[in-house]
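For reference, the structure discussed in these notes is given below.
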Amino acid sequence: MEDPTSTAAPNASEVVWPTPAVPGQGIPWRNGDRTESRSPASMGVPVGDRNSANAAPVQVSALGTGPADPDTGDRTVTSGPPVPEPGPRIPGEHGAFRADGESHGPHTSAGTVVPDGGSGTGDRAGTGGETADEGAALLDDLRAAIGRYVVLPSEEALTAVTLWVTASHTQPALQHAPRLAVVGPTKGCGKSRVLDVLHETVYQPMMTVNTSPAVVFRVIGKNPPTLLVDEADTIFGPKAGDKEDLRGLLNAGHQRNRPAWRISGPEHKPTAFPTFAMAALAGIGDLPDTIMDRAIVLRMQKRKPGEKIAAFRSRYSVPELNALRDRLTAWLTPLRGAAERLVPPMPVEDRAADTWEPLVIVADLAGGHWPSRARAACLTMTRNEVVQDEQTTLKTRLLRDLRRVFEQQGDMEALRSHDLLAALAQDAEAPWAEYGTKGLNAYHLANLLRDFGISPANHRFENGRQAKAYARNQFLDAWARYCPDPAQPAPAAAEAVLAHRAQGKPPAPLSGTLPICPPGGPAGPRPTR
């Protein structure tokens, strides 16, 4: 992948050699820490050697104060003498870092950035002039601005939205494009207002309502927009008809290099349409499971009487949010190469890790408190969705309720189908008494458990009588995979990651298996009884 910020780009006004980023500490300046304060009204940034006499300020375009190349983020010098060329690089000066922080040459390890020999991914901040410390401050400003206009369900959700917006500005460097599912039980929960704020802050927004697959196929290209789909329940709801093409497109677009092939043009040639693009979808009720599984989920609620937000008005809200968007673009465009090479340690696994990795990457680039905050939000929101799925998915609910019945019966070797059905029907809060037309029966029970490889068999009990029954050992694998024991303590490895981040140290790679995973993910530790 060619780095758009290469120093070989035409009309470049300065040459800045990059330095590798240390995860959790942001991107340092080439010649020491930059400590002077910065405000939108004061946009002068020293270039060249900050300690030399010929250092001169330049004007940059975060708020329209000077021209800048939108693709490379290079600043245009409007005053001051030419910037001297940097001296030769010393071989081995910028090696990667092991998890313990020691330099060890051009290798890749978890949580490191490998230098690419001057690809332009250093500390240039483009139109925003953000340094390592200011990267964290920029995310703080964005988080505060989003929180002024919407009431999100939790502090972790506000952190997730902030990082999702930020990650959209690194789309060309990402391997996965996480979805943002903004769902609520009724109208008036603030779903559309979230999309209004996203429209003014994300990278190349494309707002649409009730879109079609043909439109999405044609707007996604090599430099895709960020899709913002409102009223998604009209696309995937029960009255929406057949939308499998659009669902398949959104599912495939979660990962790079998953094109959709169609016959196109007057010559009817097979054509590959790119699908990779970040997308936010808002609607009433849950989206299809395959989309929710690839999404960071915001479960919106109506505001309480005491919860106040600022009115969203185009005349002042849009310029404020656009200024933050320009600062994000300026800060992250030169860092796309670093983002592409960064391999952050994750507190979750599999698809949950794929979905959250772009957010953790930008948090690591920002540094400060954002790496630990991002991982804490990841753990909390992923765990919440696991619980939510257990409560709403019928088959998972059945597994959990059957485990409870076996525990109440002293974990017997087997239980009669009749006894299991009677125990399930006695739970007034469960759906089994009203399942079907006359409640859950033996046929329904066997049909629901068939996909887990569980089936009844003849079993002889202590009194010598034989009956259809379910053996407890048939459920052990399904219980471990789909509803692990909630009493298990938090993973020690994840706690170690957060502790290392709090101390500003690159954490060691995670080992072992974490039970925090999306539904259908890997099994956690099997319970022993």
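Results, tabulated for the structure shown:
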| quantity | calculated |
| --- | --- |
| Any hit, region 364-378, residues being aromatic (Phe, Trp, Tyr) and at pLDDT below 90 | no |
| Scan of region 288-315 for residues that are of a type in the set (A, V, I, L, M, F, W, C) and closer than 14 Å to ALA157 by Cβ, ordered by number | ALA295, ILE296, VAL297, LEU298, MET300 |
| Extreme residue, modelled with the lowest pLDDT, among residues of region 288-324 that are closer than 17 Å to GLU244 by Cα and β-branched (Val, Ile, Thr) | THR290 |
| Within region 289-339, tally of residues that are outside any helix (DSSP H, G or I), of a type in the set (Lys, Arg) and surrounded by 15 or more Cβ atoms within 10 Å (Cβ to Cβ) | 2 |
| Given (1) modelled with pLDDT of 90 or more; (2) farther than 19 Å from ALA167 by Cα, index of the condition GLY285 fails | (1) |
| Qualifying residue in region 158-179 (condition: touching a helix residue (DSSP H, G or I) at 6+ places or on another chain (Cβ under 9 Å), surrounded by 23 or more Cβ atoms within 10 Å (Cβ to Cβ) and more than 25 Å from GLY368 (Cα to Cα)) | yes |
| Filter result for VAL348 (out of contact with any helix residue (DSSP H, G or I) (no Cβ under 6 Å at 6 or more places or on another chain), of a type in the set (A, V, I, L, M), assigned to a loop (DSSP other than H, G, I, E, B) and surrounded by 14 or more Cβ atoms within 10 Å (Cβ to Cβ)) | no |
| Filter result for GLY368 (more than 27 Å from ARG299 (Cβ to Cβ), in contact with an Asp or Glu (Cβ under 8 Å, 6 or more places away or on another chain) and not assigned by TED's automatic domain parsing to the domain that holds LEU287) | yes |
| Filter result for the condition that a residue is touching a strand residue (DSSP E or B) at 6+ places or on another chain (Cβ under 6 Å) and not in a strand (DSSP E or B), over ALA167, ALA160, ALA137 | ALA160 |
| Considering residues of region 412-434 that are within 25 Å of PRO484 (Cβ to Cβ) and modelled with pLDDT under 90 only, the residue surrounded by the most Cβ atoms within 10 Å (Cβ to Cβ) | ALA430 |
| Tally of residues being in contact with a Gly (Cβ under 8 Å, 6 or more places away or on another chain) and more than 16 Å from ALA363 (Cα to Cα) across region 310-329 | 1 |
| Test: residue in region 308-315 that is without any contact (Cβ under 8 Å) to a residue 60 or more places away in the chain, among the hydroxyl-bearing types (Ser, Thr, Tyr) and touching a strand residue (DSSP E or B) at 6+ places or on another chain (Cβ under 8 Å) | no |
| Qualifying residue in region 367-374 (condition: surrounded by fewer than 20 Cβ atoms within 10 Å (Cβ to Cβ), more than 30 Å from ALA478 (Cβ to Cβ) and over 13 Å from the mean Cα position of the chain (by Cα)) | yes |
| GLY253, sole failed condition from (1) surrounded by fewer than 21 Cβ atoms within 10 Å (Cβ to Cβ); (2) within 21 Å of ASP350 (Cα to Cα) | (1) |
| Residue check, ILE263 modelled with pLDDT under 90 and surrounded by 18 or more Cβ atoms within 10 Å (Cβ to Cβ) | no |
| Some residue of region 256-264 being touching a strand residue (DSSP E or B) at 6+ places or on another chain (Cβ under 9 Å), in a loop (DSSP other than H, G, I, E, B) and not basic (Lys, Arg) | yes |
| Members of region 389-437 found to be closer than 30 Å to ALA295 by Cβ, in contact with an Asp or Glu (Cβ under 9 Å, 6 or more places away or on another chain) and part of a loop (DSSP other than H, G, I, E, B), listed by number | THR393, ALA430 |
| Search result, residues across region 390-425 that are at negative phi and either in contact with a His (Cβ under 6 Å, 6 or more places away or on another chain) or among the acidic types (Asp, Glu) (or both) | GLU390, ASP401, GLU407, GLU413, ALA414, ASP419 |
| Pair list, Cβ under 6 Å, 6 or more apart: region 273-289 residue touching a residue at least 24 places away in the same chain (Cβ under 8 Å), other residue β-branched (Val, Ile, Thr) | PRO274/ILE220; ALA277/ILE220; MET278/THR226; LEU281/VAL229; ALA282/VAL182; ASP286/VAL183 |
| Scan of region 271-288 for residues that are buried (at least 18 other Cβ atoms within 10 Å of the Cβ) and among the polar types (S, T, N, Q), ordered by number | THR275 |
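Table: residues versus (1) under 23 Å from LEU379 (Cβ atoms); (2) among the polar types (S, T, N, Q).
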| residue | (1), (2) |
| --- | --- |
| THR159 | yes, yes |
| THR166 | yes, yes |
| GLN175 | yes, yes |
| PRO178 | yes, no |
| VAL182 | yes, no |
| ARG193 | no, no |
| GLU200 | no, no |
| TYR203 | no, no |
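The values are calculated or read from the model by the stated rules, or taken from the named source; none is laboratory data. Worth saying up front: this structure is predicted, and the values here are computed from it rather than measured. Because the Cβ atoms are built from the backbone with ideal geometry, glycine has one as well, and the counts that use them run over all protein chains shown.
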